[in-house]
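Right, one structure below, let's go through it.
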Amino acid sequence: MSRRVSAALALAAVVLPAATVVGCAAPERGEAPPQQAHQGSPDRGKEMIVKYGCGTCHEIPGVDGADGLVGPPLSQIARRSYIAGELANSEDNMHRWIRDPQAVEPGTAMPDLGVTAQDAADITAYLYTLR
Ligand code: HEC
């Protein structure tokens, strides 16, 4: 074996296992870096979550009475990779989902609730505190 080949193999032996560990640990668990809201008020968002009744269908940490079981719990929603298994989790996509879930996923059990743009931004700001 030439020196160059054996040097490359030695390097691969060192680098590949490290790359495997770093590259796979997070995606295997479905984790993404937590999302950050760049607009909206989390405090007002919490009030809007109560106003629109999101908690009748979702368990939402920090919101009194939000213990619904129709939809998935929204704990750590800032860390999820996907919204409703359809949209990559991002601030814009969260606004879209909250305002018009039926357009994203026709027939989903989550109804269009007539959420305004401002209210969706505030709700997203609160949801992204759940990490
Ligand atoms: C009538 C019940 C119902 C109401 C009310 C409701 N949702 Fe949902 N929601 C659902 C269901 C069911 C899903 C799952 C949709 C899917 O995956 O197709 C969902 C999904 C979601 C998701 C994606 C969760 C995930 O794990 O990917 C978010 C975020 C969400 N809802 C936020 C809200 C917010 C904010 C409100 C209030 C403005 C709200 N929902 C009101 C039923 C509801």
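Miscellaneous remarks
- Residue-level analysis places LYS51 outside the set of residues that are within 13 Å of the ligand (Cβ to nearest atom), open to solvent by less than 90 Å² (accessible area, probe 1.4 Å), at pLDDT 95 or above and closer than 25 Å to VAL104 by Cβ.
- Residue count for the range 62-113, restricted to those that are touching a Ser or Thr at 6+ places or on another chain (Cβ under 7 Å), surrounded by fewer than 17 Cβ atoms within 10 Å (Cβ to Cβ) and among the polar types (S, T, N, Q): 1.
- Within the range 114-125, considering residues that are among the hydrophobic types (A, V, I, L, M, F, W, C) and surrounded by 13 or more Cβ atoms within 10 Å (Cβ to Cβ), the one farthest from GLY40 (Cα to Cα): VAL115
The values are calculated or read from the model by the stated rules, or taken from the named source; none is laboratory data. These figures come from a predicted structure and were not determined experimentally. Cβ coordinates were reconstructed from backbone atoms using ideal geometry, including for glycine residues, and neighbour counts include every protein chain displayed. The area values use the complete protein model at the heavy-atom level, side chains included, leaving out ligands, DNA and RNA. Shrake-Rupley method; radii C 1.70, N 1.55, O 1.52, S 1.80 Å.
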